[in-house]
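Report on one structure; see the data block that follows.
The values are calculated or read from the model by the stated rules, or taken from the named source; none is laboratory data. Just so it is clear, the model here is predicted, and its values are computed rather than measured. Every residue, glycine among them, receives a Cβ derived from its backbone with ideal geometry; neighbour counts consider all protein chains shown.
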């Protein structure tokens, strides 16, 4: 313990690491110093002056001498021999703090009874614990018109603001999004955009500040709500905002002169120490003291972010970020925070349904189970459980398939997938435990991203990469068709782009392998050297989109072996890793056991108490669709499946139409419901306990928030298996968890690693382009329905092409471009992007751009680019499109 | 003519009365650039020693030894280091740098070259208060002349030393006179003070080692180098050596700049200025601008050096001597100053932003004769809650005039409970010219500036 500092707070001697701030050190020994601007994850500001303490320091002779002024403990590093006296022991500190609090309150509206923050407000709380009971202020408060809509979701009431700059520091430091910033000065200082009216040199007020009368000032302040009214300014900002980054709904002009757009803005509401920033979804909805809070885990992505769910009288009213330093720290995405209405919105199924005379009718559980059991017994059936399941449910589907349906025809991958991916997952991920972690990313000297767009597909993974780059000098490289806004914000310089045509990632990875031993100039060699010198601290992050490439996973493994870097697989959906671990795949049993391995089958069959398990690899999702269509399969059991998520929705619909028996486990109606013979309603995350397995390999358990009658998938599957005469006996959470705990590690052989070789890219036909596409974080996903304020912050869809490609097609920036295949087309405005020629990027599943449904192809496919024959109204630019997103997610 | 204990010592102001005093030609006729020629024959560290020996202390108000400040720069690491001249003179009453740059800007330019040479800087910046456009033009012209004559640019006077000078005009904010806010503003950011440490000497402009000096400090350097440290040290007092510009304004017969050794008294200066306005007597005065606690007639013989003024309860500051006679309402003067601070508070920290906003409203009330019981205690306590609690010295400065005025003239504040200041002290009587008092549109309105 060489690098520690011994010093005294309120007479208590303490020892902390060198560089620790006094306010942190005080927390560690249970002394709370009031504060507003201080936040442990933000750089110190020293602005609010609430945390003043009295400090004495030893001089050169060692005599402890008092510093003449009280010091801000949030900016002061502890030093050896320092003597700190807080409000608890120092009248000077106590008076200083009370004085600051009184000053903070003079211009605060004290509208606590109608303020969202009232009851959980640091200003209110600290005013009561550290302030004067009465204010001496009898004068006129500064006021502002209320509120400014920063986006459709975030509202700003400036008069409540105490100018702590937490929101602006979060935006600059953590998210890297331009926000609105401080402007004006003195008591008129406010958070806003760069507004000429507020600053007092607009045309109307020629003569500048000197010419002001109070009345003028007041009227100026009133006009400046202008944000939303000033059409001219908004039009300018819209023009300044790069196409593709423009929010769907209304937004304030940010400090960069663009329309404000951020996926993380909800965090500013949570860290605001007063009620200045509020969310439209929660504003005026409830009082904090009426809420019951439950810690939970977000169902929206594979990070397993800790959240807190607040409900009142059976209704979830809001979600907040939890504080989990090893996973999401204190940050979550806006999707994690605001997208929860899907669980209760109209369309929710509460009663079992069976098809009678072509119509789905409500029925009893016993009848529904009887019908389902009989239907599934009629012939071979497969299981498609989707990628959003808890560990317990995935296990139940995996066991149900093997025990009740006696098949390995199970595949949770409701997306583009490949056989190579199965080998990769079976050999490198399943049963590997916690591999690369968030902390490893933070400490990594180099990261290569492939098939993975960190901000859109990783959410808080992006935040951690940005932190790593800013704090620890992470060098990030990305194999992608263009440098997205997210890649630009990994560190101040952004990630280094290695440009690749979608589908060619495998050969690019192989080129980096070559560059390890044969260095040359350029980003390939830079990446090779950075990974190599980083050794096993360097990380190669592979995303699920690599399944749409040739030999992508194989080449990633080759690169990891050549450089010593570790591999991390970061899929999008929350249930992916759990389903993989639980064996919801055609080739794997729980714990990464290959189905073709006799010893592995014995392990599991003895656990399950069945004589044997099917021994041949099952069909993957595409094969299951094909077998349903050909009639080889009789029926299918689906769990939360969306056909529009599949790479071939048209074939899937035909297959489901043709399937003789469909049992659908659903929270809400989906595009499977219309084909279902039996619909079994299941509980959404808030109405059950469970656990997700995040991409790190960390199990993220959560408890039940609401007590409703809704049942878990594993309980219903258990009942169904009973009905079929092949019990699986995992009806309760305790039973299923006990059984999962009993699985044990697998020490036998794993699936062989893939070793495919990348082929040559095919020649492009004239007039065509290669399709690049991925999901936007906020899009038309099924779990984002009925949340219009969030939908307004989605990015308006565009088609990204290079200027040269545009010239070839004959379109200008902003013109409509039709992207077509044999089966359909998508028409979107063109956004010039520094993307490879003859590559076109579209959002995968946004309003106006449903790639799988409309084009029936996957990224990497060849599509035709043309000028649309008929002018289509440009709905996508309007707020109406945002609301379209919430009404339905069908194209 | 009266016999003075102290005589004026015009150095910087020696030839302000000559025709075209601001040109390089006039400057050279008066011995300009002799200091530079001498400096370029010496080692940079010897110049630093000379300045240390001269006892020159920062003329921007704080009085920190200039040579010691230069010595704080870390050893040369091969990267750039900067000299930034603080020419953002904005304090009410302070008017020394602007007349100097107006009348004889080459003093500053030569000082910049010598200082840059001494600290190893190849690009210096002069951050000028934005409102003084005429001074901006003079400075730009002076820099142009210096380049043309080979005192700036590449290989200055064949010495191999290169220096570029950028003159930057601010946008009119008092806070940008605070050195770190100045640096942020110069970098193109919002001018608000930075968290210290790191101090500018370690990480200043563009995070590089930076010396920030006041105009008068830098302008004093050439003559110290030319005439020697002993010459400079022979003036002034034991610990406040040298001479400086004393700016008299207000109710004296001949207001203006009086360059004298430190330690001169106001009594002597008023005599030199022809005495108080005819038929009036001194009531109160500021020794160093509105941020320094006021003095009264009892302080007429306080030697104007750093130590004596400090011992008498104020600060030497910028030697901005604002003189008020018995016709002036202290409450009104203090209210005007406080309005200035409320307008100029940058808004970063709570005590200064909210405190000045509140003080302004209480003072306006008192000035109108509408004060309420407890207002004086509120003023004093609020000042106590600002002083030493604010992020930078702006907040401290805002309280000085209030606490000192209440100390010496409490009864005038008490009168504010019932009688408007304009009745007790009709403004017309204080005015030096024809004057119609303005009617304030609204009293203490929210956000009124």
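Name the residue, out of A:185, A:142, that is touching a residue at least 40 places away in the same chain (Cβ under 8 Å) and crowded, with 19+ Cβ neighbours inside 10 Å.
From the options A:185, A:142, the qualifying one is A:142.
Could you list, in sequence order, the residues of segment A:263-275 that are under 13 Å from residue A:150 (Cβ atoms) and touching a strand residue (DSSP E or B) at 6+ places or on another chain (Cβ under 6 Å)?
A:265, A:268, A:269
Just one of (1) without any contact (Cβ under 8 Å) to a residue 12 or more places away in the chain; (2) part of a helix (DSSP H, G or I) trips up residue B:436, so point out which.
(2)
Listed here are the residues, each with its yes/no results for (1) touching a helix residue (DSSP H, G or I) at 6+ places or on another chain (Cβ under 6 Å); (2) at negative phi; (3) not assigned by TED's automatic domain parsing to the domain that holds residue A:639.
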| residue | (1), (2), (3) |
| --- | --- |
| A:725 | no, no, no |
| A:756 | yes, yes, yes |
| A:763 | no, yes, yes |
| A:780 | yes, yes, yes |
| A:798 | no, yes, yes |
| A:803 | no, yes, yes |
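Please state which one of A:616, A:638 is at pLDDT 95 or above and in a loop (DSSP other than H, G, I, E, B).
On the way: A:638 fails: in a loop (DSSP other than H, G, I, E, B).
Step by step, each of A:616, A:638 is checked, and only A:616 is at pLDDT 95 or above and in a loop (DSSP other than H, G, I, E, B).
Which members of segment A:102-119 meet the condition of being more than 9 Å from every other protein chain (Cβ to nearest Cβ) and in a helix (DSSP H, G or I)? Full working, then the answer.
Keep residues of segment A:102-119 that are more than 9 Å from every other protein chain (Cβ to nearest Cβ), which gives A:108-119.
Hits for segment A:102-119 are A:112, A:113, A:114.
Within segment A:288-301, can you find the residues that are in contact with a strand residue (DSSP E or B) (Cβ under 6 Å, 6 or more places away or on another chain) and buried (at least 22 other Cβ atoms within 10 Å of the Cβ)?
A:296, A:297, A:298
Give segment A:136-163 a look and list any residue that's farther than 30 Å from residue B:374 by Cβ and either in a loop (DSSP other than H, G, I, E, B) or within 12 Å of chain B (Cβ to nearest Cβ) (or both), or say none.
Of everything in segment A:136-163, those that are farther than 30 Å from residue B:374 by Cβ and either in a loop (DSSP other than H, G, I, E, B) or within 12 Å of chain B (Cβ to nearest Cβ) (or both) turn out to be A:145, A:146, A:147, A:150, A:151, A:152, A:153, A:157, A:158.
Collect the residues in segment B:136-172 that are without any contact (Cβ under 8 Å) to a residue 40 or more places away in the chain and over 22 Å from residue B:37 (Cα atoms), keeping them in residue-number order.
B:136, B:137, B:140
For segment B:328-350, how many residues meet the condition of being facing chain A (nearest Cβ under 8 Å) and not in a loop (DSSP other than H, G, I, E, B)?
Number satisfying all stated conditions: 4.
Looking only at segment B:351-397, count every residue that is over 19 Å from residue A:134 (Cα atoms), in a helix (DSSP H, G or I), touching a residue at least 60 places away in the same chain (Cβ under 8 Å) and within 11 Å of another protein chain (Cβ to nearest Cβ) and tell me the total.
Matching residues across segment B:351-397 total 6.
Tell me, which strands (runs of 3 or more DSSP E) wholly within segment A:1-95 include 2 or more residues that are touching a helix residue (DSSP H, G or I) at 6+ places or on another chain (Cβ under 8 Å) and within 14 Å of chain B (Cβ to nearest Cβ)?
Here the list reads A:52-58.
Take residue A:643 and tell me if it is in contact (Cβ under 8 Å) with a residue 12 or more places away in the chain, under 24 Å from residue A:690 (Cβ atoms) and either assigned by TED's automatic domain parsing to the domain that holds residue A:671 or buried (at least 20 other Cβ atoms within 10 Å of the Cβ) (or both).
Numbers: in contact (Cβ under 8 Å) with a residue 12 or more places away in the chain: yes; under 24 Å from residue A:690 (Cβ atoms): no; either assigned by TED's automatic domain parsing to the domain that holds residue A:671 or buried (at least 20 other Cβ atoms within 10 Å of the Cβ) (or both): yes.
Against the criterion (in contact (Cβ under 8 Å) with a residue 12 or more places away in the chain, under 24 Å from residue A:690 (Cβ atoms) and either assigned by TED's automatic domain parsing to the domain that holds residue A:671 or buried (at least 20 other Cβ atoms within 10 Å of the Cβ) (or both)), residue A:643 does not qualify.
Consider segment A:473-508. How many of its residues are touching a residue at least 60 places away in the same chain (Cβ under 8 Å), outside any loop (DSSP other than H, G, I, E, B) and over 26 Å from residue A:262 (Cα atoms)?
Number of matching residues: 2.
With respect to residue B:109, is the statement that it is surrounded by 24 or more Cβ atoms within 10 Å (Cβ to Cβ), at pLDDT 95 or above and not in a loop (DSSP other than H, G, I, E, B) true?
Details: surrounded by 24 or more Cβ atoms within 10 Å (Cβ to Cβ): yes; at pLDDT 95 or above: yes; not in a loop (DSSP other than H, G, I, E, B): yes.
Yes; evaluated as a whole, the condition is true for this residue.
Restricting attention to segment A:777-791, does a residue exist that is over 30 Å from the mean Cα position of the chain (by Cα) and modelled with pLDDT of 95 or more?
No, the conditions are met nowhere in segment A:777-791.
Return only the number of the condition from (1) surrounded by 24 or more Cβ atoms within 10 Å (Cβ to Cβ); (2) under 20 Å from residue B:207 (Cα atoms); (3) touching a helix residue (DSSP H, G or I) at 6+ places or on another chain (Cβ under 7 Å) that residue B:74 does not satisfy.
(1)
Filter segment A:164-192 down to the residues that are touching a strand residue (DSSP E or B) at 6+ places or on another chain (Cβ under 7 Å) and part of a helix (DSSP H, G or I), then identify the one that is farthest from the other protein chains (Cβ to nearest Cβ).
The residue in question is A:167.
I'm trying to understand the selection: among the residues of segment B:180-215, which are at positive phi and away from every other protein chain (no Cβ under 14 Å)? Spell out the reasoning first.
Of the residues in segment B:180-215, the ones at positive phi are B:188, B:206-207.
Listed by number, the list holds a single entry, B:206.
Would you list the strands (runs of 3 or more DSSP E) that sit entirely within segment A:274-383 and hold 2 or more residues that are within 30 Å of residue A:409 (Cα to Cα)?
Counting at least 2 such residues, we get A:353-356, A:359-362.
Being crowded, with 24+ Cβ neighbours inside 10 Å and not assigned by TED's automatic domain parsing to the domain that holds residue A:41 narrows it down to one residue among A:383, A:371, A:361; which is it?
A:383
Quick one: residue A:473 ticks every box in (1) at positive phi; (2) surrounded by fewer than 24 Cβ atoms within 10 Å (Cβ to Cβ); (3) within 20 Å of the chain's Cα centre (by Cα) bar one, so which box is it?
Of the numbered conditions (1) at positive phi; (2) surrounded by fewer than 24 Cβ atoms within 10 Å (Cβ to Cβ); (3) within 20 Å of the chain's Cα centre (by Cα), the odd one out for residue A:473 is (3).
Scan segment A:386-397 for residues that are touching a helix residue (DSSP H, G or I) at 6+ places or on another chain (Cβ under 7 Å) and more than 18 Å from residue A:740 (Cα to Cα) and jot them down.
Across segment A:386-397, the qualifying residue is only A:387.
I need a count of the residues in segment B:272-304 that are in a loop (DSSP other than H, G, I, E, B) and buried (at least 24 other Cβ atoms within 10 Å of the Cβ).
The first filter runs over segment B:272-304 and keeps only residues in a loop (DSSP other than H, G, I, E, B), leaving B:273-275, B:277-281, B:287-294, B:300-304.
Those left that are additionally buried (at least 24 other Cβ atoms within 10 Å of the Cβ): B:287-292, B:294, B:304.
Here the count works out to 8.
Quick one: in segment B:157-179, of everything that is buried (at least 20 other Cβ atoms within 10 Å of the Cβ) and part of a helix (DSSP H, G or I), which residue is farthest from the other protein chains (Cβ to nearest Cβ)?
By that ranking, first place goes to B:179.
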